[in-house]
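The values are calculated or read from the model by the stated rules, or taken from the named source; none is laboratory data. Keep in mind that this is a model prediction, so the values were computed, not measured. Because the Cβ atoms are built from the backbone with ideal geometry, glycine has one as well, and the counts that use them run over all protein chains shown.
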Amino acid sequence: MSNSTSLTTPGGREIQPHDSQIHCVQPGGGVCMRIELLWGHLRRVYLKTFRRGYVRRMAATRQGDHNQCPWDVLDPRDLKFYANQPGYYWESEDDPFTGRENFGFARAGLAEMIIFSSVLIPMLALFIYLSQVHSPWWWIAAIVPFLLETEVVWFFRNPRRVIPTEPGTVVSPADGKIDLIEEIEHDDVIDGPAIKIAIFLSVFNVHINRVPVACTVFASRYRQGKFLSALKPESAWENERLELWLESTEAPHRVMRVRQITGQLARRIVCWAKTGECFDRGAQFGMIKLGSRTELILPREEGLEITVKLGDKVQAGTTVFAKYK
């Protein structure tokens, strides 16, 4: 992934300004986000008061100009919710928090893991204690927080993936099950016939989204909406969604669209991609928190081979969706 931006793509398409509604990486907000923002405020007060030397050192290694986030950027943690905006950044060797990417969990979900665990683990411990000193029936109650905590940890996992390197390969943008393959006579963005492939993500799937090809993001679109069950067909156009328009790095620079769509439980779309940003095939660009849908729309042309079918289970970045010859 590159921090560089340009005014046009390699294929000559204009790079549009970021959709103004996508003011941060999680435009839908949420309770956990508000808690994390409050913690960030307290952390910055502490750093300014007691860690002034650290603040000066981080300011000396900070790159770029101002960022649009509404608080002082003291270290990389302050950019978490504004990583999709141009401006400040730190090189990896100057970022003391880079290691968080290697925990095996989605960095965008670490706060939720901590918040939920701070409630569920003490609850589990209490029920176990009560089972020892009162009645063994409390073990039954302990099953509930145990299963919930297990699901929280399982949901935010971020396993490593081996990305196919064969030219012309299109990989899955999400984990889940193929529940729609539809031909489109004319897509306005692609400017021609297209194929839409939709993936349903259950609460048991990995929810990290990945780009299907090496590409440049040249536009973004966000729309607020409902939170219908992702199993309902109408959820595709009625639910909240965020869409990226991508241009393939490989000639002939095909245009593709990838959509993140909320569900009944999944109400938080996260997308840290910036317009003008370049990604390698299979690179992570966002996630959806809890069950949801992801759609990929790609050009339908001679030589295209669709390699998945309805009902197939797929993995983001690993499963080959299609091949262009």
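What the table below lists for this structure:
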read-out	value
Strands (runs of 3 or more DSSP E) fully within segment 249-325 counting 2 or more residues that are under 13 Å from the mean Cα position of the chain (by Cα)	255-261, 268-271, 284-289, 292-299
Residue satisfying condition, being in the same structural domain as Glu185 (by TED's automatic domain parsing) and free of Cβ contacts under 8 Å to residues at least 24 places away in the same chain, within set Gly303, Gly317	Gly303
For Ala214: the one exception among (1) more than 26 Å from Gly311 (Cβ to Cβ); (2) modelled with pLDDT under 90; (3) out of contact with any Leu (no Cβ under 9 Å at 6 or more places or on another chain)	(2)
The lone exception for Gln132 - which of (1) surrounded by fewer than 20 Cβ atoms within 10 Å (Cβ to Cβ); (2) among the polar types (S, T, N, Q); (3) within 22 Å of the chain's Cα centre (by Cα) it fails	(3)
Residue in segment 99-120 that is farther than 30 Å from Ile197 by Cα, assigned to a loop (DSSP other than H, G, I, E, B) and not β-branched (Val, Ile, Thr) present	yes
Residue within segment 181-192 that is assigned by TED's automatic domain parsing to the domain that holds Glu250, part of a strand (DSSP E or B), crowded, with 19+ Cβ neighbours inside 10 Å and not acidic (Asp, Glu) present	no
Top-ranked residue in segment 82-98 [being in a helix (DSSP H, G or I) and in contact with a helix residue (DSSP H, G or I) (Cβ under 7 Å, 6 or more places away or on another chain); ranked as surrounded by the most Cβ atoms within 10 Å (Cβ to Cβ)]	Asp94
Counted residues, segment 24-60 - those being closer than 24 Å to Asp95 by Cα and surrounded by 12 or more Cβ atoms within 10 Å (Cβ to Cβ)	19
Pairs where the first residue, in segment 52-74, is over 17 Å from Leu42 (Cβ atoms) and the second is part of a helix (DSSP H, G or I) and of a type outside the set (Asp, Glu), C-beta under 6 Å, 6+ apart	Asn67/Tyr82
So Met113, is it more than 30 Å from Phe218 (Cβ to Cβ) and modelled with pLDDT under 95	yes
